[in-house]
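Okay, so here's the structure we're looking at.
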Amino acid sequence: LAMPQHEKEVCPSCLLCLWLCCFRLLGLLGLVFMLGLEPVLASFMMLWNKEYQEHDLVTSSVTTKVKGVALASIPEMGLVVWDVVDHSGLAQGKNSFFVATNVIVTKNQKQGKCPEVAPWGLCKTDKDCQKGFSDQQSHGVQTGPCVKFDVLKKTCEVSAWCPVENRKSPPRPALLASAENFTVLVKNNIRFPAFNYIRRNILPEMTDKDLKGCLYNRYTNPFCPVFRLGDIVHEAKERFSDMAVEGGVIGIQIDWNCDLNRFFHSCLPKYSFRRLDEKESNRTLYPGLNFRFARYSTINGVEHRTLFKVYGIRFDVMVFGKAGKFSIIQLIIYIGSTLSYYALVIIVIFRLWKVRSSSSVMHSFSKP
């Protein structure tokens with residue numbers, strides 16, 4: 001078949017020239033991008049990431065003061081006023097404070113002999129009891145006899161503080177849940193040693209009247225250092241009434257992200273809250289948080305004590321922070337590394353461009 005006259009054979013050298021022109025145009029556009037848009041992006045990233053600054057990490061100290069008083073109805077004791085001394089208990093460690101929310105009370109204990117509490121020390125005869133035996137679960141030291149515990153059970157007699165604490169599970173609802181309305185003043189002093197910069201979360205413009213009248217709110221009062229305990233737990237997405245039964249651990253996080261430059265100075269605390277312990281009783285063997293303490297008295301020359309098993313919430317205050325300040329050295333380092341990067345990229349582009357162009361020309365001349 002004869003080829004139509006209007007269809008002409010395409011010149012190979014014309015295609016090669018067209019391809020070379022397109023390749024050089026793309027290279028030129030890439031070079032323009034590198035020399036024009038990339039410096040703008042690099043400058044933006046420098047400002048956004050504050051690469052021109054020298055940075056330092058925070059060092060800090062934390063003190064707290066809890067305030068509140070409540071009237072609680074406690075089995076074995078009746079109506080009892082619990083103030084801060086009763087609620088706070090023993091020190092829980094650095095940068096932490098504890099508030100009691102539930103309690104089991106065993107009154108009028110004294111040194112003597114009494115039945116061990118079931119299911120520990122169950123026995124049928126004296127042969128099942130070993131004199132002098134005790135372990136981690138024992139409430140006392142076995143004396144040898146197997147004695148009556150209740151209508152159905154017998155347990156080994158122990159030498160202990162009698163009567164032995166009997167109740168195992170905490171009361172529901174929590175007896176001291178009114179601690180939800182207690183408040184805590186968190187005082188945080190920070191320092192950035194590299195800049196000799198000192199600040200605290202009680203801001204300079206705050207007065208004594210402000211502190212006594214303010215209460216933290218994420219939206220309306222985000223810099224007030226006085227917190228209602230119920231609000232802290234709520235911010236951690238928990239219910240105080242549920243958490244109060246067995247206790248737990250809440251983290252109060254203070255973040256300091258400071259810019260110490262004169263014209264852009266900013267150094268304010270930001271608070272956040274979250275639960276730190278495992279809250280599901282069926283997912284952990286020992287849920288919550290509790291400890292015991294006793295109050296002693298002497299009646300007719302005999303020492304007695306009232307034993308308290310206290311459940312509560314421990315609040316851990318954690319401080320994080322970083323400050324930045326303009327440094328000509330950091331700026332020079334950033335500009336130098338950026339220019340080196342651009343120079344390397346431009347060299348690579350020119351190399352590829354030259355090699356590709358040369359190989360294409362040689363290929364065209366090698367064709368028959």
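Laboratory data are not the source of any read-out in this text; all were calculated from the coordinates shown. Note that the structure is predicted; figures quoted are calculated from it, not measured. Here the Cβ is made from the backbone with ideal geometry for all residues, glycine too, and neighbour counts use every protein chain on show.
Work out the FRET efficiency for LYS124 and PHE293 from their Cβ-Cβ distance, taking R0 = 22 Å, and round it to the nearest 0.05.
Once rounded, the FRET efficiency stands at 0.05.
Quick query: amide H of VAL158 versus all other amide H atoms, modeled in the peptide plane; which residues come in under 5 Å with a sequence gap of 5 or more or a different chain?
The list, which skips near neighbours in sequence, is CYS114, GLU116, THR143.
Say each of VAL84 and TYR219 gets a label point 7 Å from the Cα, pointing the same way as Cα to Cβ; how far apart are those two points in nm?
3.1
Using Cα positions and a limit of under 16 Å, work out the aspartates and glutamates in reach of LYS131, with same-chain residues fewer than 8 apart set aside.
Result set, ordered by chain and number: GLU116, GLU157.
Let's test the formula: R0 of 35 Å, r as the Cβ-Cβ distance of ASN166 and ASP208. What FRET efficiency results, to the nearest 0.05?
Efficiency for this residue pair is about 0.10.
Between LYS107 and LEU268, what is 0.36 nm times their sequence separation minus the Cα-Cα distance? Round to one decimal in nm.
Gain on stretching LYS107 to LEU268: 53.0 nm.
For region 242-292 and region 152-202, what is the centre-to-centre distance using only Cα atoms, to the nearest Å?
15
Could you calculate the FRET efficiency of TYR286 with SER134 from 1/(1 + (r/R0)^6), where r is the beta carbon distance between them and R0 is 25 Å, rounded to 0.05?
Values: r = 21 Å, r/R0 = 0.84.
Once the sixth-power term is evaluated, E becomes 0.75.
Whole-Hz Karplus ³J(HN,Hα) for region 128-133, in order, using 6.51 cos²θ - 1.76 cosθ + 1.60 and θ = phi - 60°, x for Gly and Pro?
7, 10, 10, 4, x, 7
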